[in-house]
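The values are calculated or read from the model by the stated rules, or taken from the named source; none is laboratory data. Bear in mind that the values here come from a model prediction, so they are computed numbers and not experimental data. Quick reminder, even Gly has a Cβ in these numbers, built from the backbone with ideal geometry, and neighbours come from all protein chains shown.
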Amino acid sequence: MKKIVIGVIAVVVLLALISGCNGYNKLVKLDTDVQNKWSKVEAQYQRRSDLIPNLVSTVKGAAKFEQSTLTAVIEARSKASQIKIDPANLTPENIEKYQAAQGQIGQALSRLMVLTENYPELKATQQFSDLSVALEGTENRITVARNDFNDSIQNYNNAVRSFPANLTAGLFGFKQKEGFKAEAGAEKAPTVSF
């Protein structure tokens, strides 16, 4: 009888170890996926940042622009490029800082593009047209990368919170992560007047 009890206990312990190892490996895989998706987000923002000097040069060369607008774009790019986040340290505060800096670039670029409306000869140049298309494509890629990142965060968080993986997560320090959130004021439709 004693051997049967020891055998049952050994089987239960063995099953718990196997379950724990599988849970740990799943969490590591999901965490690595989050880090990979973060790298793709950064790559798309870098692509946008790399387009900015060419866009500024094209605009500067073709139009007598408000210097403050060009300066705002350059400064926003500079500030944003200084913020780097280690994928292992994706805290809500770090993501918020990163998102805010990238938002400033977006706002500055929007103002720049609105001002180009006053220069039809600039809009007619092939270089400006090509850069505008590249920038628009990059903004779409950024949206896709951010959505993929948020999806990977959701998968990771679901695993961290689900039983019995939550036991393994707690034991090995896997914590929930936060993804990108909508920017402040995004819930309000912009006012368009003609």
>> Return the residues of the stretch 111-141 that are of a type outside the set (S, T, N, Q) and touching a residue at least 24 places away in the same chain (Cβ under 8 Å); say none if nothing qualifies.
In response: ARG111, LEU112, LEU115, TYR119, GLU121, LEU122, PHE128, LEU131, ALA134, LEU135, GLU139, ARG141
> Looking at (1) out of contact with any Lys or Arg (no Cβ under 7 Å at 6 or more places or on another chain); (2) modelled with pLDDT of 75 or more, can you tell me which one ALA10 breaks?
Replying inline: (2)
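Here is a yes/no grid of residues against (1) under 21 Å from GLU136 (Cα atoms); (2) touching a Gly at 6+ places or on another chain (Cβ under 6 Å); (3) at pLDDT 90 or above:
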| site | (1), (2), (3) |
| --- | --- |
| VAL41 | yes, no, yes |
| VAL56 | yes, no, no |
| VAL59 | yes, no, no |
| LEU70 | yes, no, no |
| VAL73 | yes, no, no |
| ALA80 | yes, no, no |
| PRO92 | no, no, no |
| ILE105 | yes, no, no |
| SER110 | yes, no, no |
> How many residues does the stretch 155-177 hold that are of a type in the set (Lys, Arg) and not in a helix (DSSP H, G or I)?
Replying inline: 2
